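Have a look at the structure below, then the notes.
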Amino acid sequence: MIELRDIKKDYLVGDNVTKALKGVSLHFRKNEFVAILGQSGCGKTTMLNIIGGLDRHTSGDLLINNKSTTRYKGSDWDTYRNRSIGFVFQSYNLINHISVLANVELALTISGVSAKERKRRASEALIRVGLEDKLTKKPHQLSNGQMQRVAIARALINDPEIVLADEPTGALDTETSVQIMDILKEIASDRLVIMVTHNPELAKIYATRIIRLADGLVIGDNNPYDGQKETDETPIERLNKGQKRKASMSFLTALSLSFRNLGTKKSRTILTSFAGSIGIIGIALILSLSSGFSDYIYQVQVDTLSTYPITIEKDTTNYWELIRSVRNNEGEVEYPDDEVVSSNPITSTFVTQLGTSGHVNDLKTFKSHLDQEELRVEYADDFSAIQYAYDIKYQIFSSTYSASENTRLYPFNIPAEINAGRYLDLASIYDELLDNRSLIESQYELLAGDYLDVANEDDQNKVAIILDEYNRLPDYVLFSLNLISLDKLINPSGDVSFSFSDLLDIKLKMPVIAQFYQDEDEDGVFARVEREPANYPLFQEILDDSFELEVGAILRPRPNISATSLNGSIGYLSSLTRSVIDKTNTQPVVVAQLANPTIDILTGAEFVPNASTTFKTRSSELGICDIDTPNAIHIYPTSFEAKDRLIAMIDQYNQDKSENAKIKFTDYVEILMSSITIIINAITTILIAFVSISLVVSSIMIGVITYISVLERTKEIGILRSIGARKRDISRVFNAETLLIGLFSGAMGVGIAAILNWPVNLIINNYVDVGTIAVLPWYAVFILIAISMFLTFLAGLIPSRIASNKDPVIALRTE
């Protein structure tokens, strides 16, 4: 069954070689109780470890059923120990942080036995050694004799062919020793038991064979065996035939062992997890701020781009190219060493470039290009709105309008007699709303009424009043709405306030400017109807035929909005713009002027080339517009990346076109944001560096902690190897531990970071009122925990490799 053929074992201690075995040759029967006697250091335990596959001989051969083991791989020895060997140690070698039952089950878990079967067999083994009432106890709760019985039960759990007992009674009193020897004798009735002992009396009473060793040599054998082949196939023979699976510990078993180990050191586990979570806390806080600022910056981008869209005007000058040409330093040496001062031709360059940078864009063709459905679909996510601007002319009259001589009419164009009239004429009161309700809703909160929607026909003749963050309207807007008098405008005194219902009750009349031109004499020459008492009846007719508007919404910019899409205080829809153009183009004065493009319809005279009044200027004065030919196109990108894609789209449009047919514009946003980009990149780099340092420190720390755990659990490593655990199984145990620490660290880190976000937001808002910035996204919780587990796993690879390579014999001797 087992044969030692000239086994020699040398140990290298420093520069000295110690010969533990000097050529031992022995045969063992498959069923006998062998006692090995000898003085300390004679090689008894070394021989036992070689037989059990824990140690390797220097020379000679160990044969199992007449087959050499010289070609055994590590996995073969692991399976051999798990299936065919049962160890009983003097120091018991039990794992203290798991129960008695779990200690006995351990060998079965490595064998791949199901949980139910493991529990049944382990319970039976413990009952066999008289510990049926100790199954749930921990080893430290047992007496020495009881712990040795647990060790015997564990040795028997896999029904091994060979039980190796190393000084099994060495730490026991006489009475307990007798009990243990009785158990071993019973075990030896159907298998091979090899016991190393210093007690010759016990050997004489219980052993069927006594072998004596001295100085690494066999000096006596009272019942030698010549190696004659025995009948009946043994499990070892079945092993050699490959009829048993290789030993393998599942990851769940490794996880369970590590979890129980961490549970026995709760305080240290918590402190370790907290230490490991510091890096995660830092990353989580940075991610919270980064995510929050990203959302904030994204909103700022949208808000900024809604104020500074890509603007393509009919007549344009590329100021950015102009600036770049002035800044051109091509061919110049930076920071020269000589003492020569040269001239920088800024003025001449500016004048030259200014004369060549003007360009007339064909907006009619480009508008047709933008209106293509395919293009709108392709770039649907890149722009929030496309707005067409026209040089339309209109006047707006407020609430109480009448032909009565006693009623004053207050139009949008402020009377010239007001001292502040020049300023008020330039003030922006009315502004067209973007055709993107969701964008308007994101920028403005609704105080009364309902958001206007270009898709709703009922909203065409409605306007929205835009208050500031203090619920105020400029005085000139109140004056234009006929809510304050001229005297109150010029000489304000006292508080002026109105309710939302007051504003919602306002009615407006909006005639197009061409309606004020009448051919009173029907001679083909039109004159403007001036606003004076004598013309009030005619004014009333014009007003009655004009657009009637009402206030449909009262809006206010949302808190923390950096920029808004409207410059005016009253917003109207683009559908009203189209209606104004259509109405203008049907007015008699416009029809007459378009029918006679060489005649000035207001004077009857022909237009003179290069004169101040031309067909173009007169058409502008009358508000004549072509809906297909805007004066400007405003494209509102959703982000700076989207803006780049839209500019690339324009560049693609310009390909294969002549210079005059190309679309040119000034990218004001690029001018504004070029320096900010540098700052953002610098901040991003700093944050990345900070995160990298946190990750490195966290990884090193976890690696050190895992290595400490390896040192603490060295004996457990030896125990696991002695019952057949493979090197990779040992790695799994410590990899499982690092994953658990990573899980605890990650969960603790994101939890603490979530709590810290509250004071962080308070501090940020104390200095900069930007709302809630530090918010950890829900998906980041799982990502950070996964990162924590991955990093701890990575950091634990080297310590787990060290653990798996530990010599099991040395590991078992560790205290």
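Free of Cβ contacts under 8 Å to residues at least 12 places away in the same chain and either within 58 Å of the chain's Cα centre (by Cα) or assigned to a helix (DSSP H, G or I) (or both): does that describe Arg83?
no
Going through segment 699-717 one residue at a time, which ones are of a type outside the set (A, V, I, L, M, F, W, C), open to solvent by less than 30 Å² (accessible area, probe 1.4 Å) and more than 30 Å from the chain's Cα centre (by Cα)?
Within segment 699-717, Ser709, Arg713, Thr714, Glu716 meet the criteria.
Among the residues of segment 90-121, what is the count of those that are closer than 21 Å to Val178 by Cβ, open to solvent by less than 70 Å² (accessible area, probe 1.4 Å) and either touching a Leu at 6+ places or on another chain (Cβ under 7 Å) or among the polar types (S, T, N, Q) (or both)?
1
Yes or no, residue by residue, for (1) assigned to a loop (DSSP other than H, G, I, E, B); (2) touching a Lys or Arg at 6+ places or on another chain (Cβ under 9 Å); (3) of a type in the set (A, V, I, L, M, F, W, C):
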position	(1), (2), (3)
Asp76	no, yes, no
Phe87	no, yes, yes
Glu105	no, yes, no
Ile110	no, yes, yes
Arg154	no, no, no
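Determine whether Leu192 is more than 25 Å from Arg83 (Cα to Cα) and crowded, with 20+ Cβ neighbours inside 10 Å.
No, not satisfied.
Which one of Lys44, Lys22, Lys9, Lys73 is under 30 Å from His140 (Cβ atoms) and of a type outside the set (S, T, N, Q)?
On the way: Lys22 fails: under 30 Å from His140 (Cβ atoms); Lys9 fails: under 30 Å from His140 (Cβ atoms); Lys73 fails: under 30 Å from His140 (Cβ atoms).
The unique qualifying residue is Lys44.
Does Glu230 meet the test of being modelled with pLDDT under 90, part of a helix (DSSP H, G or I) and either open to solvent by less than 60 Å² (accessible area, probe 1.4 Å) or farther than 27 Å from Gln146 by Cβ (or both)?
Values: modelled with pLDDT under 90: yes; part of a helix (DSSP H, G or I): no; either open to solvent by less than 60 Å² (accessible area, probe 1.4 Å) or farther than 27 Å from Gln146 by Cβ (or both): yes.
Taking the combined requirement at face value, the residue does not satisfy it.
Condition test on Glu124, is it in a helix (DSSP H, G or I), under 30 Å from Gly263 (Cα atoms) and open to solvent by less than 60 Å² (accessible area, probe 1.4 Å)? Outline the logic, then answer.
Details: in a helix (DSSP H, G or I): yes; under 30 Å from Gly263 (Cα atoms): yes; open to solvent by less than 60 Å² (accessible area, probe 1.4 Å): no.
Here the answer is no, as Glu124 does not meet what is asked.
So in segment 603-616, with the set limited to residues that are hydroxyl-bearing (Ser, Thr, Tyr) and either open to solvent by 70 Å² or more (accessible area, probe 1.4 Å) or at pLDDT 90 or above (or both), which one is nearest to Lys367 (Cα to Cα)?
Per the criteria, the residue is Thr614.
Anything in segment 196-220 that is farther than 13 Å from Lys44 by Cα, open to solvent by 10 Å² or more (accessible area, probe 1.4 Å) and either charged (D, E, K, R) or under 60 Å from the mean Cα position of the chain (by Cα) (or both)? List them, or say none.
Glu201, Lys204
For Asn567, indicate whether it is touching a strand residue (DSSP E or B) at 6+ places or on another chain (Cβ under 6 Å) and open to solvent by 10 Å² or more (accessible area, probe 1.4 Å).
So Asn567 fits the description; yes.
Identify all residues within segment 490-518 that are of a type outside the set (Ser, Thr, Tyr) and open to solvent by less than 20 Å² (accessible area, probe 1.4 Å); write none if there are none.
Scanning segment 490-518 gives Leu503, Ile506, Leu508, Lys509, Met510, Pro511, Val512, Ile513, Ala514, Gln515, Phe516.
Which of the residues belonging to segment 636-672 are modelled with pLDDT under 90, among the aliphatic types (A, V, I, L, M) and surrounded by 18 or more Cβ atoms within 10 Å (Cβ to Cβ)?
Scanning segment 636-672 gives Ala642, Val669.
Here is a check on your reading of the model: is Ala553 at pLDDT 95 or above and open to solvent by less than 40 Å² (accessible area, probe 1.4 Å)?
yes
Can you name every residue in segment 48-64 that is touching a helix residue (DSSP H, G or I) at 6+ places or on another chain (Cβ under 6 Å) and open to solvent by 30 Å² or more (accessible area, probe 1.4 Å)?
His57
For the list (1) in a helix (DSSP H, G or I); (2) out of contact with any Lys or Arg (no Cβ under 9 Å at 6 or more places or on another chain); (3) open to solvent by less than 10 Å² (accessible area, probe 1.4 Å); (4) of a type outside the set (Gly, Ala, Ser), I need the number of the one condition that Leu164 fails.
(1)
Which pairs do you get when a residue that is on the phi > 0 side of the Ramachandran plot, found in segment 451-476, comes within reach of a residue that is assigned to a strand (DSSP E or B) and surrounded by 21 or more Cβ atoms within 10 Å (Cβ to Cβ), reach meaning Cβ atoms under 7 angstrom, with the pair 6+ apart or on two chains?
Close Cβ pairs (under 7 Å, with a partner that is assigned to a strand (DSSP E or B) and surrounded by 21 or more Cβ atoms within 10 Å (Cβ to Cβ)) do not exist here.
Based on this model, can you work out whether Leu543 counts as more than 59 Å from the chain's Cα centre (by Cα), more than 24 Å from Thr603 (Cα to Cα) and open to solvent by less than 30 Å² (accessible area, probe 1.4 Å)? So that I can check it myself, show each step before the final result.
Details: more than 59 Å from the chain's Cα centre (by Cα): yes; more than 24 Å from Thr603 (Cα to Cα): yes; open to solvent by less than 30 Å² (accessible area, probe 1.4 Å): yes.
In short, yes.
One residue is enough: does segment 119-136 have a residue meeting the conditions in contact with a helix residue (DSSP H, G or I) (Cβ under 8 Å, 6 or more places away or on another chain), more than 27 Å from Leu252 (Cα to Cα) and either touching a residue at least 40 places away in the same chain (Cβ under 8 Å) or of a type in the set (Val, Ile, Thr) (or both)?
yes
The values are calculated or read from the model by the stated rules, or taken from the named source; none is laboratory data. Here the structure is a predicted model, which means the values were calculated and not measured. All Cβ positions, even for glycine, are placed from backbone atoms using ideal geometry, and neighbour counts span all protein chains on display. The protein model used for the area step is the full one, side chains on, heavy atoms only, and it has no ligands, DNA or RNA in it. Shrake-Rupley method; radii C 1.70, N 1.55, O 1.52, S 1.80 Å.
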